[in-house]
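The structure appears below as structure tokens.
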Amino acid sequence: MKSQRRPQILVIGEISKKLFNSANLDVGNFDVEYTTSGPHALKLASDSSFAVILLDSQKSSELLSEVKELRALQPLVPLYLVSEKEFPPDVEVTVLEAGATDTLLSTMSVLVLKARIKLCLSLFQARNEQIENEEKLQFALSSAKMGTWTVELPSGYVILSKEARDLFGFAKTYDTADAAIDDFIHPDFRERARKTLSDAILNNSFYNDEYQIVRPDGEVRWINARGKARYDENGNPAQLTGVIWDVTDRKSAEINLRNLENRFERSTAATDLGVWYCNLPFDILIWNKEVKNHFFLPPDATVTIQMFYDIIHPDDREATRQAIEDSIKIQKPYDVIYRTVDPKNSANVKYIRAIGWTDYNDLGEPIRFDGITLDATREHMYEQDLRLAKEAAEKANELKSAFLANMSHEIRTPLGAMIGFADLLKDESLSEEERMSYAEVITRNGLQLSQIINDILDISKVESGQFNVENLEVDPQAIAEDVISSLSLEAKDKGIDLSLSVSEKTPEVIVTDPVRLRQILMNIVGNAVKFTSSGTVSVTVFPGNSGKTISFRVIDTGEGIDLADQGKLFQVFSQADDSVTRRFGGTGLGLALSRKLAQALNGDVILERSEKGKGSTFLITITSGDALVEVNQSSRAQPAITNTVNLEGVRILLVEDTPDNQELICRVLKERKALVDLAQDGSVGVQKALSGKYDVVLMDLQMPVMDGYTATRNLRAQGFNKPIIALSAHAMAEARTESLNAGCTDYLTKPINFPALLQSVARYSGRSNS
């Protein structure tokens, strides 16, 4: 049966028609169907819904049957029987029981009839609207895949809509009348679901719950059930009614989102990534705990835009504010680095990088400002360290370049003198006195060149950690006097008063490295003499504050040092003023080397005072050691060449690949009447040493074919037990150690100190000085 919006009235029979027309109703608001045929009337009733039916009681002999049939077709429609005279009571009861609503006399009041028909029309309109609303609701529920449910109380009788049955997976033949619906609730949720429902009934509150169900086929689904209890006049729950729908997709999405959020939270915590957002205009800022940590705030802090600016360093606030405004107003990328300052301790500062973007609505209005923060403090400190290191490296490179240029001058100066005077010696017209003078110039410049190289090697040894000191009992006053004596001639030539004073409490003996102590004093006192044009240089020796410390104070009235230059005074390759190099010469290694040597002797060299044009005061401190170590001083001994060394008859094998060195060494040895045999490389040296009867082997270490290390190891491996003295231009400690480990008896450096060489050959060959 179809429902329609415009009401209809069905009038059956002439008497009913006459009565209806007498009411003179406005037919503009409804339609009227007239018929005198019973079958036609039933046909109309089956096709349309009517607001009211008027049936002529005298038109048909089968009145009861017709009433029943009409009532079956129109169960809710008012059905009035119209008669010209009143029904007997028993007949009236019979027709009412058959389905009639009431009986009407054809002579009844027109006003009453009109009122009744209008009431029927209103009821029909209301019922029609209710049907439409129910249809709409059902359509909405069906479209949303929502089902309805009803539970009668206290019987527990369950009524499920088709959608609800489909949600539970019940077959059409499954009877839910006696079913315990909660048996299909997942065991993990069953008790909680029962309690939630009971609480809603007990408290007369809205029922809302989500739980999992297990369908008959075993599939697990999430559902949301909502409803409300209805109560009888005594306040007892009579019925539960509500809706139910499948939320599996949403719950799965929520679980996945929650898992994603947990992973994101762990990731942000692990990477210290801060995430923030805020609605515009600015009010409360939403920050995760990492952002709050970047701003020295606790995780539960509520943050406002003013707090944000207050914690940013004052020097960075305006730039940050401008960057935010540019991002919001002109959509400029927001990527800034600012400093945050701990409100409780202003010394705590972090460098924070913030990256953000602005969201806009359809009208182009800014609505949200989101972004991230990263703690860039480490990166900033690294960049700062890198920048400082780069600057230091560039400065060191500049110093090194200046040093190399100066070193080139310092090396070429004595080298030029040596080459020049060597050429002069070729002149056969020179007198003996001139030849001796030129030879002394060559020797003096050679020693100066050797000293420059030794200083470079010493610096290298100290900085590489391969510098070894010797502890010997020495007289500090004697060493100081030796230094003063060595420099006295230079001081006298310049008209400088060079003096030494020794405190009475100065110990007569200390344990230290005498050569290195003398080297330190020569550098410091030598500088004082060099940079003093007139006046005095005084050296004072006195005990230090501790019982083992001895001090040397050097005071001069020389050039003095600017305060700005004093900081770089002890840097390698540096002099206080480049003009000093041009005026006085020098490599710039002296002070740096002296401090490193003093520190190796558990002391130091410091500048106590200096004033430009008035002079300087340096303090040298040395700490005396405890152990007395016997050492081989052959490589340091500097005895003068003497004819007292007698090598007559000593058989020497010289293994040397350089012809000039062969000639020089052979000449010195043969002048002492030694018998010298030559081998040009290590391989030939091994053959000759094993086949000949030599007292001593002099072994160069760097040679072609076979080097001296390998040759020495081969000789020792084959039982050769004669002394082997290594000769090498390598003056580093590791070269000495390697040669001794290879089997050499001793080690001498090049350029060769011939007095030391002669003494060593005499000692190892068993010859004493004659």
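The values are calculated or read from the model by the stated rules, or taken from the named source; none is laboratory data. On a predicted model such as this, the values are computed, not experimentally measured, just so you know. A quick note on method: Cβ atoms are made from the backbone with ideal geometry, for glycine too, and the neighbour counts reach across all protein chains shown. Accessible surface is based on the protein model in full, side chains and every heavy atom, while ligands, DNA and RNA are left aside. Shrake-Rupley method; radii C 1.70, N 1.55, O 1.52, S 1.80 Å.
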Any chance the range 187-206 includes a residue that's part of a strand (DSSP E or B), out of contact with any Lys or Arg (no Cβ under 8 Å at 6 or more places or on another chain) and open to solvent by 70 Å² or more (accessible area, probe 1.4 Å)? no
So, first residue in contact (Cβ under 8 Å) with a residue 12 or more places away in the chain in the range 206-226, second residue of a type in the set (S, T, Y) and open to solvent by less than 50 Å² (accessible area, probe 1.4 Å), Cβ within less than 6 Å, six or more apart or across chains; the pairs are D209/T196; R221/T248; W222/T248
State all residues of the range 330-352 that are touching a residue at least 24 places away in the same chain (Cβ under 8 Å) and open to solvent by 70 Å² or more (accessible area, probe 1.4 Å); if no residue qualifies, say none. Q331, P333, I337, P343, K344
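Residue-wise test of (1) touching a residue at least 12 places away in the same chain (Cβ under 8 Å); (2) closer than 18 Å to L25 by Cβ.
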| residue | (1), (2) |
| --- | --- |
| L64 | yes, no |
| K68 | yes, no |
| E86 | yes, no |
| P89 | no, no |
| T101 | yes, no |
| M108 | yes, yes |
| K114 | yes, yes |
| A126 | no, no |
| Q130 | no, no |
I'm trying to understand the selection: among the residues of the range 515-530, which are of a type in the set (A, V, I, L, M) and touching a Phe, Trp or Tyr at 6+ places or on another chain (Cβ under 6 Å)? I524
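Being among the aromatic types (F, W, Y) and free of Cβ contacts under 8 Å to residues at least 40 places away in the same chain is the filter here, so list the residues in the range 720-751 that pass it. First the steps, then the outcome.
The initial filter retains those residues of the range 720-751 that are among the aromatic types (F, W, Y), namely 720, 747.
Of everything in the range 720-751, just one residue is among the aromatic types (F, W, Y) and free of Cβ contacts under 8 Å to residues at least 40 places away in the same chain, namely F720.
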Whichever residue in the range 602-631 is among the β-branched types (V, I, T) and modelled with pLDDT under 90 and, among such residues, is least open to solvent (accessible area, probe 1.4 Å): V631
Which number in (1) open to solvent by 80 Å² or more (accessible area, probe 1.4 Å); (2) part of a helix (DSSP H, G or I); (3) not assigned by the TED database to the domain that holds S205 marks the one condition that T320 misses? (1)
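May I ask you to say which residue of T536, T506 is assigned by the TED database to the domain that holds R595, farther than 22 Å from N471 by Cβ and either open to solvent by less than 50 Å² (accessible area, probe 1.4 Å) or in a strand (DSSP E or B) (or both)?
Being assigned by the TED database to the domain that holds R595, farther than 22 Å from N471 by Cβ and either open to solvent by less than 50 Å² (accessible area, probe 1.4 Å) or in a strand (DSSP E or B) (or both) holds for just one of T536, T506, which is T536.
This table checks each residue for (1) open to solvent by 90 Å² or more (accessible area, probe 1.4 Å); (2) at pLDDT 75 or above; (3) under 30 Å from Q8 (Cα atoms); (4) among the hydrophobic types (A, V, I, L, M, F, W, C).
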site	(1), (2), (3), (4)
C120	no, yes, yes, yes
Q138	no, no, yes, no
S143	no, no, no, no
M146	no, yes, no, yes
V158	no, yes, no, yes
Could you list, in sequence order, the residues of the range 372-395 that are open to solvent by less than 80 Å² (accessible area, probe 1.4 Å) and without any contact (Cβ under 8 Å) to a residue 40 or more places away in the chain? A376, T377, Q384, A389, A392, A393
Output the residue which, of all residues in the range 229-262 that are among the basic types (K, R) and in contact (Cβ under 8 Å) with a residue 24 or more places away in the chain, is surrounded by the most Cβ atoms within 10 Å (Cβ to Cβ). K251
Inspect the range 754-768 for any residue being assigned to a helix (DSSP H, G or I), within 60 Å of the chain's Cα centre (by Cα) and of a type in the set (G, A, S) and give the result as yes or no. no
